[in-house]
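Contents: one structure, followed by commentary.
All of the numbers you see were taken from the coordinates with simple rules; none came from a lab. None of the values given here were measured: they were computed from a predicted structure. Reconstructed Cβ throughout: ideal geometry from the backbone, glycine too, with neighbour counts over all protein chains shown.
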Amino acid sequence: MPRGKVGGKYDRRMSFDDVKDERMLVMVDKLCVWMGGILRETLNRENLIPQIRNGDFMCRLATEIQESVDKFTSENDDAGPLPRKPPQNFATGCSNRSMEARENVMKFLTWARELRVPESSIFSPDDLLKLKGKMNVVNTLLAVARRAKDCGMAADIDAPPKIANAFIGLEEKFGKKFDHTSKAFGTQKSELKTVTTTLMSGSAWKIVQQKIDAILQLPGKPSYEIFRV
């Protein structure tokens with residue numbers, strides 16, 4: 001089923017088309033690049049919510065972060081209480097509306113609380129499962145990202161991003177609309193297209209230019225005679 005669609009119909013709750021705050025959209029882009037890099041997945045504004053909705057990706061993310069947490073705990077006696085293990089026995093490939101999906105989300109949120117993500121930043125399961133608050137989900141993941149950095153994870157969500165990956169795949173839905181955006185943030189530089197302003201000898205504008213030159217060169221001659229073919 002195409003991204004952003006539920007039951008064959010487009011559902012704007014699955015994308016970020018209705019978010020007008022540019023600062024929030026930038027944070028969504030940074031989250032996509034950060035999370036996609038860790039999971040080795042292509043994530044962007046169009047597919048983030050559909051991809052994480054059953055909780056599978058978030059439990060995988062917790063598993064990756066836990067490695068840094070374990071190392072941080074072993075090297076710091078005053079690390080404080082932190083999760084000892086990532087979510088266990090989470091379901092993969094389950095339906096978004098299944099009990100397995102809800103259990104996945106609950107396991108991730110329990111782990112996030114153990115990571116000491118503030119309770120005020122924890123989303124409600126229905127924010128994701130029933131699409132009631134996707135920005136609450138984003139805020140939780142951003143908070144997890146910053147806690148991961150505090151625990152020594154190398155991937156830094158606040159580092160200057162190369163967000164070309166956040167636009168990969170959008171051409172499938174929007175054609176070439178995002179080509180320029182992807183290239184602008186990529187590392188490859190393409191040569192600018194050269195635009196010539198020289199008029200072709202047989203073009204209509206060249207003929208008009210010649211007539212205007214004739215007017216300037218023949219003072220006093222009626223314009224209707226000059227433009228007569």
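Assorted remarks:
- Spacing of the two label points (7 Å from each Cα toward its C-beta) at Arg113 and Gln210, in nm: 8.4
- Exceedance of the 25 Å cut-off in Cα-Cα distance is limited, within the set Lys107/Lys149; Lys20/Lys134; Lys71/Lys107; Lys71/Lys132; Lys30/Lys149; Lys85/Lys132, to Lys71/Lys132; Lys85/Lys132.
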